[in-house]
Amino acid sequence: MIVALSVVAEDYRRYGWTIETTSDGVELITDEQIAAIELTGSVAAGVRRYLRANNLSGPVIETMGANRREIHLVTGVAKAARAIEALRAAGAIVHTDGARVPLPHNSNAIAWSIAPSEARWLPPVVAVGAAVRAVAARERAQLRTVAC
């Protein structure tokens, strides 16, 4: 198992990510180059559609189970304090500054929805922020339509 995890860790390191192998698996360590934005529910679905429609999709981890979540890997966090603040205000969990994010490795609990090898890039955090704003605006407009 340890040998298999070290092979998986090396595969992730080729993307330039800081990776650590633990007893629980393989973890991404966020830094000034890479962060992770965790979304749930209709916001996660709307953001996925928005990013895909605008050709902005990057690697996405999906957690399975009753509390399904999507974790978008992003870049550009050093100059995006306002975007990160807005994402957190909208209910997103933003993993930065050394936070650890579990990465898929033959587990049924988490998997790649979009694998790094399938993604053309790591989108900037501001792209995910724009997607969250667009989803929120659409949901507000739908509520106004229903209320009328």
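Tabulated results
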{"read-out": "Rounded percent of accessible protein surface that carbon and sulfur make up, the chain, 1.4 Å probe", "value": "53"}
{"read-out": "Options Q33, A119, T96, ranked by Cα towards positive dipole end of region 8-139, top entry (Cβ charges)", "value": "A119"}
{"read-out": "Nonlocal amide H pairs with Q33, under 5 Å, H built at 1.01 Å", "value": "none"}
{"read-out": "Linear extension gain, T22 paired with A45, 0.36 nm per residue minus alpha-carbon span", "value": "5.2 nm"}
{"read-out": "Nearest-20 debye value, the chain charge dipole, Cβ charges on Lys, Arg, Asp, Glu", "value": "840"}
{"read-out": "At 0.692 mPa s and 37 °C, Stokes diffusion of region 86-132 via Kirkwood alpha-carbon radius, µm² per second", "value": "254"}
{"read-out": "Surface per residue (accessible, 1.4 Å probe) for the chain, Å²", "value": "57"}
{"read-out": "Where only C-alpha atoms are counted, convex hull volume of the chain per residue in Å³", "value": "110"}
{"read-out": "Approximate spin-label separation R14-E118, in nm, with each point projected 7 Å along Cα-to-Cβ", "value": "1.8"}
{"read-out": "CD proxy at 222 nm, helix term only [per DSSP H run n ≥ 4: -39500 (n - 2.57); per residue of the chain; nearest 500]", "value": "-12500 deg cm²/dmol"}
{"read-out": "The chain: DSSP helices with Cα axial extent of at least 20 Å and average Kyte-Doolittle hydropathy no lower than -0.5", "value": "125-147"}
{"read-out": "Linear extension gain, A141 paired with A81, 0.36 nm per residue minus alpha-carbon span", "value": "18.9 nm"}
{"read-out": "Loop-located trypsin sites (Lys or Arg not before Pro) in region 73-128, at most 13 other Cβ atoms within 10 Å (DSSP)", "value": "R120"}
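The values are calculated or read from the model by the stated rules, or taken from the named source; none is laboratory data. Remember, it's a predicted structure, so these values are computed and weren't measured experimentally. Note that we place each Cβ from the backbone using ideal geometry, even for glycine, and neighbour counts take in every protein chain shown. These accessible areas exclude ligands, DNA and RNA; they are computed on the full protein's heavy atoms, side chains included. Shrake-Rupley method; radii C 1.70, N 1.55, O 1.52, S 1.80 Å.
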